[in-house]
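Here's the structure, in structure tokens; my notes come after.
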Amino acid sequence: MKKLIIILSILCISSANVSASFYAFPDEKKPGDDKKAKAKREDTTKFVVDPVAIGAEEGDESADTTQFFFPSHDLYTSWDTDVAHPYKFNEAFKEDSVVIELTGPTDNCFVMPFRGPLTSLFGWRKYRPHYGTDINLETGDTVVSSFDGMVRVAKPFHGYGNCVIVRHKNGLETVYAHLSKILVQSGDVVAAGSILGLGGNTGRSYGSHLHFEIRYLGQALDTQDFIDYEKGDLKSSTFTLRKADVENKYDLRALHTRYKSDMGMVRGKNGKYYIPKGTTYRVKNGDTLGAIARKSKTTIKSLCIKNHIRPTTTLRIGQRLKI
Ligand SMILES: [Zn+2]
């Protein structure tokens with residue numbers, strides 16, 4: 001059945017007169033392919049396609065019938081139906097910047113995955129990065145693909161819950177997470193507006209919502225840089241991705257580490273940040289003596305003795321405390 005669906009998908013694509021970037025060679029190795037990840041991967045090389053469907057003459061026996069058509073394969077060189085984000089952005093993205101044409105002449109236009117109020121934005125949360133934009137919905141609301149493309153991943157994950165990831169011709173991948181029901185499978189060709197599943201509250205989610213991500217070569221980008229959520233449309237038909245923007249606004253883990261080190265904190269063996277003893281700490285807005293004691297693995301009493309203050313002393317922003 002799956003074989004048939006994939007063949008049908010390919011027939012569908014070839015009839016849509018797509019560009020050469022759709023060609024794919026599934027037995028190509030992607031850089032950094034490790035044995036563990038490889039063992040988990042679905043072997044898609046066994047599917048054989050109709051040679052006519054891939055542009056060969058009728059009866060041409062030399063045609064490579066194991067060819068596949070994957071969107072943006074020239075960019076990605078792999079098609080993993082199991083791992084959500086198997087790419088290494090820093091190895092794959094060599095340019096200083098790239099202009100991404102979001103919709104092409106043969107594409108349907110952009111469609112909002114779901115129209116609803118935003119409940120959480122791209123950025124650092126208390127303990128972890130939040131790589132998507134959360135859109136409020138009711139369980140059972142339909143979630144649609146935002147661009148034309150092909151479903152790469154359609155399965156449950158621990159954090160994402162039921163999740164669909166679509167690869168697009170424009171080079172982007174979009175992620176739709178916490179679905180109550182997945183209505184597509186890997187290899188399905190979708191148009192902008194095609195239903196992918198029903199919204200829900202699965203995975204690491206508190207209350208029904210859609211967690212929506214836009215990624216390029218695995219690097220999550222802020223969807224608000226692409227989409228005007230008020231208007232429900234793209235801000236522009238092109239998007240320029242600069243390496244500097246990745247470093248300064250999209251690489252949330254690196255930014256968090258930099259922020260902590262700017263605060264004078266170092267990372268402990270358990271991964272938590274703390275202020276090392278023997279240093280001086282500058283009081284920030286919102287700091288309390290208790291919070292500083294926690295961050296520096298010491299006690300309020302010890303801080304009071306070292307700094308000749310009382311537990312009730314009001315701290316000033318910019319004040320220096322010996323740790
Ligand atoms: Zn989210």
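Values in this text are rule-based calculations from the coordinates and carry no lab data. Please read these numbers as outputs of a predicted model, since none were measured by experiment. Because the Cβ atoms are built from the backbone with ideal geometry, glycine has one as well, and the counts that use them run over all protein chains shown.
Computed quantities for the displayed model
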{"quantity": "Checklist (1) away from the ligand (no atom under 16 Å from the Cβ); (2) closer than 20 Å to residue 227 by Cα; (3) surrounded by fewer than 21 Cβ atoms within 10 Å (Cβ to Cβ) applied to residue 168, failing item", "calculated": "(3)"}
{"quantity": "Members of segment 160-180 that are within 14 Å of the chain's Cα centre (by Cα) and under 24 Å from residue 92 (Cα atoms)", "calculated": "164, 165, 166, 167, 168, 171, 172, 173, 174, 175, 176"}
{"quantity": "Given (1) closer than 19 Å to residue 173 by Cβ; (2) within 14 Å of the ligand (Cβ to nearest atom), number of the condition residue 147 does not satisfy", "calculated": "(2)"}
{"quantity": "Test: residue in segment 128-137 that is surrounded by fewer than 22 Cβ atoms within 10 Å (Cβ to Cβ) and more than 16 Å from the ligand (Cβ to nearest atom)", "calculated": "no"}
